[in-house]
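Working notes, beginning with the structure itself.
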Amino acid sequence: MPSRKITEESLIRVIQRTVTSRGRVRLGIGDDAAVLKDGTVVTTDAYAEGVHFDLSYMSLRQVGERCACGAISDVTAMAAEPEAVFVSLALPGNAPCLTPEARRRADAGFKRHASGMKQQVRQLYSGIEDVCAEMGCEVAGGDIIVADQLLLALTAVGKTRSPRLRSGARPGDRLYVTGNLGSAEAGRILLADEVRSQRPVCRRQKRGKRPAGDWRLPLIRRHLRPVPRLAVMRELRRYFHGLIDTSDGLATDARHLSEMSGVRIVLEAEAIPIAPATKRFCVEHGFDPLDFVLEAGEDYELLSTSRHRLPSSVKDVKVTAIGSVEDGRGLFIERGGRAVPVTVSGYDHLRPNSSGKTCY
């Protein structure tokens, strides 16, 4: 009998069965972040070169910005105020354990001499600091080691009196999402295509010098700097029941809400917000726009449920009702007046993509 595929979710279940709660944590494994009994929210995210970011089209400052956005978004998705970020950094360097090939890769991506490394670390942390300043939190410490590739692990800490959880969706709620879906993944593919075709990469142009009429720019910006929807959360958190961010794709994240809440969620295909630029991208690349956004992740938009009728925009960010929460189980999508099960999934680190790699 063939063995079942290992998925990220299956490993999380193994970990949940292995560890034991001792009553010190209000909410442990299973949500965007853990919640301690005093309302402290803690989340840790790991980022690896070639998996979560690509130095062939990203500057180190942009790497710092993007990683900080992802970590802080998890705190925001618990309806918490971000307070501090801790950074564990693995730098490519002259470690005795490195093989010649690993050392060659390290030299290609990161300068090992002191002045070069200091400048590059400064660039990386400048990106993290820029996002922290915008979000009202601060870098409070971390660790530095040497490895065979650039790795970051960011721990973000926040505070909330009333966390909103994946398990909070209730029958009778409407499902809402901020912004547009699929933009970040479209931006990633555009930049990767530019590298492969050896055309000029947009990020190498100075800010403010990019051609204003380039339809790709909103997509590229959402990939490089997916700013968390903190302002929207602050305005609407009292109305939220269930809450998650779209880090793994609409299909996966809506399914998390459904499974954790024990409800049936029905997406409305015609209501799902897709930016005109993403639709154009899909046409040019031969993708079905709806299928694309169901699977595309790392937009870090807020996906929430609420009994209230939420405003159509908050702080210039649109808020769209895209489905309903009902009694029952499972994730469905309504197309042409008929609700059918959603069978696709978003990103999973342990599921190879079409190129055979697990990187996103």
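In segment 252-274, which residue that is surrounded by fewer than 22 Cβ atoms within 10 Å (Cβ to Cβ) and of a type in the set (D, E, K, R) is nearest to residue 343 (Cα to Cα)? This residue is 255.
Inside segment 48-67, can you point out the residues that are assigned to a strand (DSSP E or B) and buried (at least 19 other Cβ atoms within 10 Å of the Cβ)? Matches in segment 48-67: 49, 53.
Residues considered: 321, 277, 254. Of these, the only one that is under 30 Å from residue 71 (Cβ atoms), aliphatic (A, V, I, L, M) and in contact with a Gly (Cβ under 8 Å, 6 or more places away or on another chain) is 254. On the stretch given as segment 11-30, residues that are over 20 Å from residue 252 (Cα atoms), among the aliphatic types (A, V, I, L, M) and in a loop (DSSP other than H, G, I, E, B) total 1. How many residues are within 24 Å of residue 252 (Cα to Cα) and outside any helix (DSSP H, G or I) when one looks only at segment 181-198? Qualifying residue count for the region: 2.
Against the test of being without any contact (Cβ under 8 Å) to a residue 40 or more places away in the chain and touching a strand residue (DSSP E or B) at 6+ places or on another chain (Cβ under 7 Å), the options 313, 258, 304 yield a single qualifying residue, 313.
Select from segment 116-170 the residues that are in a strand (DSSP E or B), of a type in the set (A, V, I, L, M, F, W, C) and touching a residue at least 60 places away in the same chain (Cβ under 8 Å) and write down the one among them that is farthest from residue 90 (Cα to Cα).
Taking segment 116-170 first, the residues in a strand (DSSP E or B) are 138-147, 151-159, 165.
Pick out the ones that are also of a type in the set (A, V, I, L, M, F, W, C) and you get 139-140, 144-147, 151-154, 156-157, 165.
Among the residues that remain, those that are also touching a residue at least 60 places away in the same chain (Cβ under 8 Å) are: 151-154, 156-157, 165.
Details: 151: 5, 152: 6, 153: 9, 154: 12, 156: 18, 157: 21, 165: 32 Å.
Out of the qualifying residues, it is 165.
Just so you know, in segment 8-33 the residues that are in contact with a strand residue (DSSP E or B) (Cβ under 8 Å, 6 or more places away or on another chain) and farther than 30 Å from residue 122 by Cα include one that is surrounded by the most Cβ atoms within 10 Å (Cβ to Cβ), and it is 31.
Once segment 214-254 is narrowed to residues that are among the charged types (D, E, K, R) and in a loop (DSSP other than H, G, I, E, B), the residue that is nearest to residue 9 (Cα to Cα) is 248.
Within segment 31-47, can you find the residues that are part of a loop (DSSP other than H, G, I, E, B) and within 21 Å of residue 67 (Cα to Cα)? Can you show your working first?
Initial filter on segment 31-47 (part of a loop (DSSP other than H, G, I, E, B)): 31-33, 37-39.
Residues satisfying the conditions are 31, 32, 33.
If you go through segment 275-288 and keep only what is surrounded by fewer than 19 Cβ atoms within 10 Å (Cβ to Cβ) and either closer than 14 Å to residue 251 by Cα or among the small types (Gly, Ala, Ser) (or both), you end up with just 286. Checked against the criterion of being assigned by TED's automatic domain parsing to the domain that holds residue 236, of a type outside the set (Phe, Trp, Tyr), at pLDDT 95 or above and touching a His at 6+ places or on another chain (Cβ under 9 Å), the candidates 324, 313, 261 yield just one match: 261.
The values are calculated or read from the model by the stated rules, or taken from the named source; none is laboratory data. Since the model is a prediction, treat every value here as computed from it, not as a measurement. Cβ: placed from backbone, ideal geometry, glycine included. Neighbour counts: every protein chain shown.
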